[in-house]
1. Please specify each residue of region 141-162 satisfying the condition of being within 11 Å of R207 (Cβ to Cβ) and either within 16 Å of the chain's Cα centre (by Cα) or among the small types (G, A, S) (or both).
2. Being within 18 Å of L116 (Cα to Cα) and not in a helix (DSSP H, G or I) is the filter here; which residues of region 63-84 pass it?
3. Taking the conditions exactly as written (on the phi > 0 side of the Ramachandran plot, surrounded by 14 or more Cβ atoms within 10 Å (Cβ to Cβ), within 19 Å of the chain's Cα centre (by Cα) and modelled with pLDDT of 95 or more), does G58 satisfy them or not?
4. Mind checking which pairs have a first residue in region 76-93 that is touching a residue at least 40 places away in the same chain (Cβ under 8 Å) and closer than 18 Å to M201 by Cα and a second that is open to solvent by 30 Å² or more (accessible area, probe 1.4 Å) and in a loop (DSSP other than H, G, I, E, B), Cβ under 7 Å, 6 or more apart or different chains?
5. Any residue that is open to solvent by 50 Å² or more (accessible area, probe 1.4 Å) and modelled with pLDDT of 95 or more - is there at least one of those in region 7-19?
6. Of everything in region 176-209 that's open to solvent by less than 30 Å² (accessible area, probe 1.4 Å) and part of a loop (DSSP other than H, G, I, E, B), which residue is nearest to A124 (Cα to Cα)?
7. For region 124-172, which residues satisfy the criterion of being among the hydrophobic types (A, V, I, L, M, F, W, C), free of Cβ contacts under 8 Å to residues at least 40 places away in the same chain and buried (at least 20 other Cβ atoms within 10 Å of the Cβ)?
8. If I go through region 77-96 residue by residue, how many of them are open to solvent by 40 Å² or more (accessible area, probe 1.4 Å) and over 16 Å from the mean Cα position of the chain (by Cα)?
Amino acid sequence: MLNKSGFPLRGACCVLATGLLAFMPATWAESAKDMGQTIAASGASGVPACASCHGAKGQGMAAAGFPYLAGQGASYLASQLQDFASGERSNPIMAPIAKGLNAEQIKAVAGYYSKLPAPFDTKALSRLIDTYPQKNAVGAWLASRGDWDHDIPACFQCHGPGAVGVGEHFPALAGLSAKYIQEQLTGWQEKKRAPGPQALMGDIAGRMSKAQISAVADYLSKLPGSGLDAVETKGARQ
């Protein structure tokens, strides 16, 4: 049986259905991207624009303690918003904002920021092999070597060489402000943040001294800085 155009009617329906299925994912992805971009730039109902604190390109405002979001994993960003909303992560500024976003909006805005370029040269920084820094350089030593006398692994072990971040759940740390990093490590010590995958950060931060927290925060905040010029691959220096 043919329709007015001469096509078999059932076949035409199948072709149309197949075309719609192929088109829908791309349309949904574009819609989510648009939603995320809109929330980032203009906010949502009752929710201010992310850009007002985290910068137009998600680059953060280090002086004010607002971290960069650009290039961080979508799953990590979404889980942080969920934790702000539930109170698992204590933050009086972010809590009402996160509560104002529904699940779809959280997913969209997290996905949007994850696609933006990180505020540093990821490839160049990840080649940082500062494996054997001066041992009295406490921050560099902790980041590269850890403190195994106190069961503290190196930051680079989970967050990658140069602390550029690994995968969806281990965020980049390079270039975050020292104040922000210190607040997060202290927050884990005081159980004001969820301990993260396998409770790793809660346990690690709990074993760190104040001096170690201050030193590693200062070191990570200055990456890439001169770190790219201080590559050292030889034996440990005493």
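1. G146
2. F66, P67, Y68, L69, A70, G71, Q72, G73
3. Numbers: on the phi > 0 side of the Ramachandran plot: yes; surrounded by 14 or more Cβ atoms within 10 Å (Cβ to Cβ): yes; within 19 Å of the chain's Cα centre (by Cα): yes; modelled with pLDDT of 95 or more: yes.
Answer is yes for this residue.
4. Y76/E168; Y76/H169; S90/K192
5. No, because not a single residue in region 7-19 is open to solvent by 50 Å² or more (accessible area, probe 1.4 Å) and modelled with pLDDT of 95 or more.
6. L176
7. First, pick out the residues of region 124-172 that are among the hydrophobic types (A, V, I, L, M, F, W, C): 124-125, 128-129, 137-138, 140-143, 148, 152, 154-156, 158, 163-164, 166, 170, 172.
Retained after the next criterion (residues that are free of Cβ contacts under 8 Å to residues at least 40 places away in the same chain): 141, 148, 154, 156, 166.
Passing the criteria: W141, F156.
8. 8
The values are calculated or read from the model by the stated rules, or taken from the named source; none is laboratory data. Keep in mind that this is a model prediction, so the values were computed, not measured. Note that each Cβ is placed from the backbone with ideal geometry, even for glycine, and that neighbours are counted across all protein chains shown. The protein model used for the area step is the full one, side chains on, heavy atoms only, and it has no ligands, DNA or RNA in it. Shrake-Rupley method; radii C 1.70, N 1.55, O 1.52, S 1.80 Å.
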